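Written below as structure tokens is the structure these notes are about.
The values are calculated or read from the model by the stated rules, or taken from the named source; none is laboratory data. Keep in mind that this is a model prediction, so the values were computed, not measured. Note: ideal-geometry Cβ built from the backbone for every residue, glycine included; neighbour counts use all protein chains shown. Accessible surface areas use protein heavy atoms only, side chains included; no ligands, DNA or RNA. Shrake-Rupley method; radii C 1.70, N 1.55, O 1.52, S 1.80 Å.
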Amino acid sequence: MPAQVIAPRIRGFICLNAHPVGCAANVREQVDLMSRGAPGQGIKDALVIGSSTGYGLSSLLCTVFRYGARAVGVCLERPPNGDKPASAGWYNLAEAHRLARAAGRSITTVNGDAYTDEIRQRTVKLLKDSGAKLDTIVYSLASPKRVDPRTGTTYASVLKPLGATYRSKSISLGSDQIVEVEIAPATDADVEATRKVMGGEDWELWLAALLEAGVVGPGCRTVAYSYIGPELTYPIYRSGTIGKAKEHLEQTAIALDRTLREAVGGAAYISVNKALVTQASSAIPVVPLYISILYKLMKAKGTHEGTAAQIRRLYETHLGPGRTPALDAAGRIRIDDWEMDSDVQREV
Ligand code: NAD
């Protein structure tokens, strides 16, 4: 293949192509952060669902390079095709696999639609065949759509307010301009569709399949990621369609916690994470402008973290081997504490 120059192709909020060298550099930086002062042990078998970008990628790298886990990741990424580069997650995992091999660690990736029974069963078989007894299960999917495997119905998640039209400012990532946005309220069908995609239903299906197959080890902990954010973004986030889905995810954690406690003496957690730039968060109106201001302030204060630093702190203080998670009044881990710091929020 002759060398080619890859220039960014941006449509709306999303960059359609990726540069393998940049993706690899990002992964190496994360692995460096995870490896510094690492115990190198403590997690035996990890499964990360949504392992190729954002919080899931950092979770995969944390379990493998910080705690020595043998890890399986599930993701949906596009390989290169002719002169078309692969998706960013594909290149991220290519580097993660390379670094794992070089360090004598093990990452196995299942690339396919995690919402299907086929990919779930393929993953379960792989875990069973390798004799895995999972002690860590991270659920970090973010997707615009999901086909319900029981009914075949396709649901598309939407980012809309509830009740009234919402007007605010946002940043246009295509033109770098501050723009006014107006978003019409969601219908009941929108709320339900977003719950079907981003709520806890699929997390529950995964846990049921894994428990049934006997690949969940004693004391296994599972975690899914949520977001709350400031009142400023409530209409579009926490009080909007996605917030309703997150409420469902958080309710699911309570049910799964009971199931895991009874089955293997394990536990299920929600970690409320910081707002960070990922493919998923860039799609939300208003949030990119909030993030731009937030980053500037947190960097000035020295409290800014990327996904890797957030996940490393999550494991060091709450979820890592031997740690007991500290929970808020609603039973959630709050690793968004530095974002929600009252000084930071007042300035934003
Ligand atoms: P992301 O877009 O970076 O990652 C999503 C992952 O899901 C990728 O690995 C992708 O391959 C995978 N995926 C998507 N659809 C799939 C499918 N059908 N089958 C298999 N894999 C699929 O997203 P993110 O921002 O890291 O979000 C992960 C979780 O963290 C979400 O629950 C999100 O709400 C939550 N969260 C994000 C933020 C933020 O600011 N980014 C803050 C708090 C919580």
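What dipole magnitude, in Debye to the nearest 20, does the chain give about its Cα centre under +1 on Lys/Arg Cβ and -1 on Asp/Glu Cβ?
740 debye
Using a probe of 1.4 angstrom, how much of the accessible area of the range 195-348 is carbon and sulfur, in percent?
Here carbon and sulfur together make up 52 percent of the probe-accessible area.
Nearest 20 debye, what's the magnitude of the dipole of the range 210-348 about its Cα centre given +1 on Lys and Arg Cβ and -1 on Asp and Glu Cβ?
Charge dipole of the range 210-348: 180 debye, to the nearest 20.
Do you know the relative contact order of the chain, to the nearest whole percent, from alpha carbon pairs under 8 angstrom that are 6+ apart?
16 percent
Report, in deg cm²/dmol and to the nearest 500, the calculated mean residue ellipticity at 222 nm for the chain, where each DSSP H run with n ≥ 4 adds -39500 (n - 2.57) and the sum is divided by the residue count.
The helix-only estimate for the chain comes to -12000 deg cm²/dmol at 222 nm.
Go through Gly42, Ala280, Thr116 and say which Cα lies farthest out towards the positive end of the charge dipole of the chain; charges sit on Cβ, +1 for Lys and Arg, -1 for Asp and Glu.
Of the options given, the answer is Gly42.
What's the extension gain from Met340 to Ala164 if we count 0.36 nm per residue and subtract their Cα-Cα distance?
In short, 60.8 nm is gained.
Are there any trypsin sites (Lys or Arg not before Pro) in the range 136-198 that are in a DSSP loop and have at most 16 other Cβ atoms within 10 Å? List them by number.
Arg150
What trypsin sites (Lys or Arg not before Pro) in the range 281-348 are in a loop by DSSP, with at most 12 other Cβ atoms within 10 Å of the Cβ?
none
In the full protein assembly as shown, how much of Arg36 is accessible to a 1.4 Å probe, in Å² to the nearest 10?
Near enough 140 Å² of accessible area.
Full extension from Glu192 to Gln121: what is 0.36 nm times the residue separation minus their Cα-Cα distance, to one decimal in nm?
22.9 nm
Apply 1/(1 + (r/R0)^6) to the Cβ-Cβ distance of Lys133 and Arg313, taking R0 = 22 Å, and write down the FRET efficiency to the nearest 0.05.
Efficiency at R0 = 22 Å is approximately 0.25.
Lys and Arg at +1, Asp and Glu at -1: add these up for the other residues within a Cβ distance under 13 Å of Val179 and post the number.
Residues close to Val179 contribute a combined charge of -1.
With springs connecting C-alpha atoms under 10 Å apart, model the chain as a Gaussian network and identify which of Ala69, Ala255, Ala308 has the largest mean-square fluctuation.
Looking only at Ala69, Ala255, Ala308, the largest GNM fluctuation is found for Ala255.
In the range 84-135, what percent of the accessible surface is made up of carbon and sulfur (1.4 Å probe, ligands and nucleic acids excluded)?
54 percent
Stretched out fully, how many nm does the piece from Glu262 to Ala25 gain, at 0.36 nm a residue minus the Cα gap?
Taking Glu262 through Ala25 to full extension adds about 81.0 nm, to one decimal.
Taking the solvent-accessible surface of protein heavy atoms with a 1.4 Å probe, what is the per residue accessible area of the chain in Å²?
In whole numbers, the chain has 46 Å² accessible per residue.
For the range 112-117, what does the Karplus curve 6.51 cos²θ - 1.76 cosθ + 1.60, with θ = phi - 60°, yield as ³J(HN,Hα) per residue in whole Hz, taken in order and with x for Gly and Pro?
x, 6, 5, 7, 8, 5
Can you list residues from other chains, or at least 5 along the same chain, whose modelled amide H is less than 5 Å from the amide H of Arg70?
Here Asp45, Ala46 satisfy the definition.
Can you give the charge dipole size of the range 171-291 about its Cα centre, rounded to the nearest 20 debye, using +1 on the beta carbon of Lys and Arg and -1 on the beta carbon of Asp and Glu?
Roughly 400 debye for the range 171-291.
Would you pull out the residues with amide H under 5 Å of Ile137's amide H, same chain only if 5 or more places away, H placed 1.01 Å from N?
Here Leu47, Arg221, Thr222, Val223 satisfy the definition.
From the cross-link list Lys44/Lys128; Lys84/Lys160; Lys160/Lys244; Lys196/Lys244; Lys125/Lys196; Lys274/Lys299, which pairs have alpha carbons spaced over 22 Å apart?
From Lys44/Lys128; Lys84/Lys160; Lys160/Lys244; Lys196/Lys244; Lys125/Lys196; Lys274/Lys299, over 22 Å: Lys84/Lys160; Lys125/Lys196.
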